[in-house]
Each structure stands twice: as C-alpha cells, then as structure tokens.
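Please treat every number below as a calculation from the coordinates, not as lab data. Just so it is clear, the structure is predicted and the values come from calculations on it, not from any experiment. Heads up, the Cβs are rebuilt from the backbone with ideal geometry, glycines too, and the neighbour counts pull from every protein chain shown.
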Amino acid sequence: MDINQERLALTFIRLCETDSPSRSEGRMAALLTEMLCTLGADAPFEDDSAKLTEAECGNLFFRFPGTLDREPLFFNCHLDTVEPGTGVKVVRKNDMFTSHGETILGSDDKSGIAALVEALHIIRENKLPHIPMEYVFTTCEEIGLLGAKAIDPANIRAKTGYALDSSGFGRVIIGAPAANRLNITVKGVAAHAGLHPEWGINAITLAAEALASSPLGRIDEESTVNFGTIRGGAASNIVPEQVTIAGEVRSHSPEKLRDLTGRVEQAFRQAIQKWHDHAGEARGVPQLDFRVTEDFPALLLEKDDAVIQIVDKAARAIDMDLRYEIAGGGSDANIFNGLGLQTAIIATGMTHVHSTEEHVSLRDMADLTRLLLALMT
C-alpha cells in the first residue's frame with residue numbers, strides 16, 4: 001500500500017506542536033484519542049498510573065480486535081518529551097523536519113506515534129484485514145520509565161510487541177543493559193571556615209576522594225558508570241556539611257552490574273573510614289547514606305525468539321533490510337520484558353534526540369509505517 005506521506009507529515013507536525021513534557025502529557029493524550037477515535041477506534045482504557053507518576057493522565061491502551069486469526073501484537077510509544085519541549089514549532093525543509101532551534105523537535109517519540117496513526121488510516125480506508133493488536137502509550141518515559149513501571153501487565157493482552165523508540169533507521173534493538181540508580185549522601189559537620197574550620201568535616205572533600213577512586217565512564221563493552229549531579233555546601237565561609245550525588249551503573253551482565261555497584265559503594269565507604277581528625281577538634285564523625293535502586297532490568301532477545309522472527313518476516317515481505325543490534329540505553333521495552341512481555345525496539349529514524357539539533361526525515365517515517373503495516377496485516 002502507498003503511504004500518504006503528506007498526511008503523515010501533517011500528523012507528525014500536529015503531534016510535535018502539541019507540547020507534552022514529562023508529567024504534562026494531558027493535551028497529547030487528548031489529541032491522540034481524538035485522532036484514533038476519528039478513525040473508528042474505541043475510546044481508550046486509561047489506567048490509574050497517574051497516582052504514582054503524578055502525570056496529568058495515565059497510560060492509554062487502544063485495542064483493535066482484528067480480523068486475521070493470528071497471535072496479537074502490541075505497539076508501544078511514550079507520550080512525553082524531554083525539555084526544552086514547550087512551544088515547539090516544526091520547521092520543514094523538503095522532507096526533513098527540525099525545530100525552530102530553541103526547543104527539541106519531539107520525534108522522540110512522536111515519529112513512532114505518527115507512523116501508528118498513519119498505519120491505522122491505511123488499514124481503515126482500504127478495509128485491510130489485520131491481526132488483533134494494541135497501541136500502548138505510556139507517560140513519563142523520559143524521567144525514569146515511570147509510566148511503564150506503573151503498568152499492570154494484565155492490561156496488555158498481547159504477550160509480544162514492539163517499542164517504537166530508537167535513533168536511526170533499519171535497526172531493531174535486541175539487547176539493552178540493566179541499570180542501578182545511585183543516590184549517595186555524604187555527611188560531614190558544618191563550621192565557620194574562618195573562625196573554627198577544625199570543628200568541621202568537609203563533606204565535599206570526602207565526596208571528591210570517593211569519586212576519584214570510583215570506577216567511572218566506559219568500563220568495558222558491556223558496562224558504564226556515571227555520576228550525573230552533585231550538590232552540596234551553603235557558602236564559601238562554611239565548611240560544607242552535606243553532599244548529595246546522583247549516579248548510575250549500567251551493564252548487560254548482571255554479575256558486572258552487582259560488582260561495579262559494589263565497587264562504587266566501597267570507594268565511598270573507604271573514603272569515610274580513612275577520614276582522620278588531625279586536629280582532634282572535629283565536632284562529630286562523617287557518615288554515609290548509600291542507596292541503590294534497580295532502575296530497569298536488562299533486555300536480551302535471541303534471533304529465534306518469536307518477536308524477532310515476526311519482524312524479520314515482515315521486513316522480508318516488503319524487501320526491507322534490518323540490522324539487529326545491542327544498545328546502551330534503557331526504554332519501556334526493558335520494563336515490558338521484565339514483566340514477561342517479549343518486546344523488541346524498532347528505530348523510527350529520529351536523530352540527535354534530546355537536543356535542539358534533533359531531526360527526522362519523512363522518508364524514514366514512511367518506511368516505518370510500511371514496516372508496521374507488514375506486521376499488522
């Protein structure tokens with residue numbers, strides 16, 4: 001079937017120019033409901049995840065019974081965008097879309113959503129038989145996969161599906177790492193830095209010693225460690241009493257994930273243990289609060305898994321070449337796989353996401369629509 005590229009372009013622009021930063025997805029949910037219900041979809045089921053995510057709406061589930069006697073599939077995109085994502089104005093030059101330069105574009109993840117809308121247009125106007133399928137739209141993906149984490153898997157009837165959420169095109173992501181989120185607090189003792197510095201314990205110095213001896217960056221082909229934020233101190237004339245650090249450890253290997261997390265914790269505990277009150281006047285001892293939260297589980301699919309066999313067959317049916325790759329990021333697909341829902345990630349053509357240089361081509365979105373139609377029909 002020919003893709004109506006101009007309709008796809010207009011849908012994409014309308015989606016991008018509907019602001020939906022994380023936790024403010026209400027307008028986007030309403031627009032998408034209008035678009036899909038106009039095409040004959042039943043009103044979506046909205047879960048109660050907003051109670052946990054504090055978003056304007058819950059996750060949305062559109063269900064299409066289908067006319068082909070085949071196993072159902074679900075298709076997932078997230079409704080939210082990163083900042084700066086307010087006041088988006090799309091600039092189109094030929095078949096390339098960018099923002100006006102002061103905001104992100106929003107192709108992450110609205111390129112995937114636009115393709116899903118166009119696929120349903122084509123199915124409806126051509127009365128194409130299709131498999132039973134579900135569209136699953138999540139909230140708060142960009143701030144920790146919160147919508148997906150709050151999903152009751154019983155609300156997704158299909159057990160196999162695809163998340164449309166990765167850069168480039170012609171890529172299917174079959175592996176992504178697990179991650180631990182680190183929240184670290186180093187506690188010292190405040191004191192006047194000019195009058196009685198001996199009374200204090202400098203939390204910044206202790207944190208610096210720990211960070212200097214911790215693993216950091218690319219550890220190996222499977223693992224990374226990062227410290228993303230550090231906050232502490234009150235003024236230049238006060239010995240800093242407390243420092244808080246947010247970090248993460250990622251690895252495709254559960255053993256390496258545990259080991260690296262342990263090495264980071266050991267670095268901080270050793271910095272605390274090695275502290276010595278040289279003047280003998282400190283008004284306390286340093287303390288450490290080291291908290292580890294499992295952020296998302298690993299995604300690991302094999303070539304003979306059903307979710308890969310299905311997309312490979314669909315791509316061959318339309319003469320599309322796909323590459324099966326391992327990625328370094330986490331997405332809703334990690335959560336779904338952890339819930340027992342076999343999920344691969346399909347790239348949508350988005351490029352330079354999370355930046356004001358973000359762009360996507362109409363050709364890639366049209367080809368994504370072709371692939372979706374092959375999967376659906």
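Some values worked out for this structure:
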{"read-out": "Ranked packing of 20-27, 269-276, most packed first, by mean Cβ within 10 Å", "value": "20-27, 269-276"}
{"read-out": "Rough spin-label spacing in nm, given labels placed 7 Å along Cα→Cβ, for K93 and N226", "value": "2.8 nm"}
{"read-out": "Under 27 Å from K303, Cα to Cα: lysines that are on another chain or at least 8 residues apart", "value": "K149, K159, K256, K313"}
{"read-out": "Calculated FRET value between E198 and T86, using beta carbons and R₀ = 30 Å, to 0.05", "value": "0.05"}
{"read-out": "N126/E294 FRET efficiency (R0 45 Å; Cβ-Cβ; nearest 0.05)", "value": "0.50"}
{"read-out": "Ellipticity estimate at 222 nm from DSSP helix runs (n ≥ 4, -39,500 (n - 2.57)) divided over the chain, nearest 500", "value": "-9500 deg cm²/dmol"}
{"read-out": "Antiparallel DSSP beta bridges within the chain, as percent of all bridges there, nearest 5", "value": "75 percent"}
{"read-out": "Alpha-carbon centroid distance for the pair segment 303-333 / segment 213-260, whole angstrom", "value": "33 Å"}
{"read-out": "Ranked packing of 322-335, 213-226, most packed first, by mean Cβ within 10 Å", "value": "322-335, 213-226"}
{"read-out": "C-alpha center-to-center spacing [segment 60-96, segment 340-377] in angstrom", "value": "9 Å"}
{"read-out": "Hits among lysines - C-alpha to C-alpha of K274 under 25 Å, sequence gap 8 or more where chains match", "value": "K187"}
{"read-out": "Ranked by how many other beta carbons lie within 10 Å on average, peptides 170-176, 105-111 from highest", "value": "105-111, 170-176"}
{"read-out": "Amide N proximity, segment 216-259 versus N183 label position 7 Å along Cα-to-Cβ, cut-off under 19 Å", "value": "226-233, 242-250"}
{"read-out": "Spread of Cα-to-Cα distances over 10 Å intervals beginning at zero, given as percent, for the chain", "value": "5, 22, 28, 21, 12, 8, 4, 1, 0"}
{"read-out": "For the chain: relative contact order, % (alpha-carbon pairs under 8 angstrom, 6 or more apart)", "value": "24 percent"}
{"read-out": "Beta bridge orientation in segment 46-178: antiparallel %, DSSP, nearest 5", "value": "55 percent"}
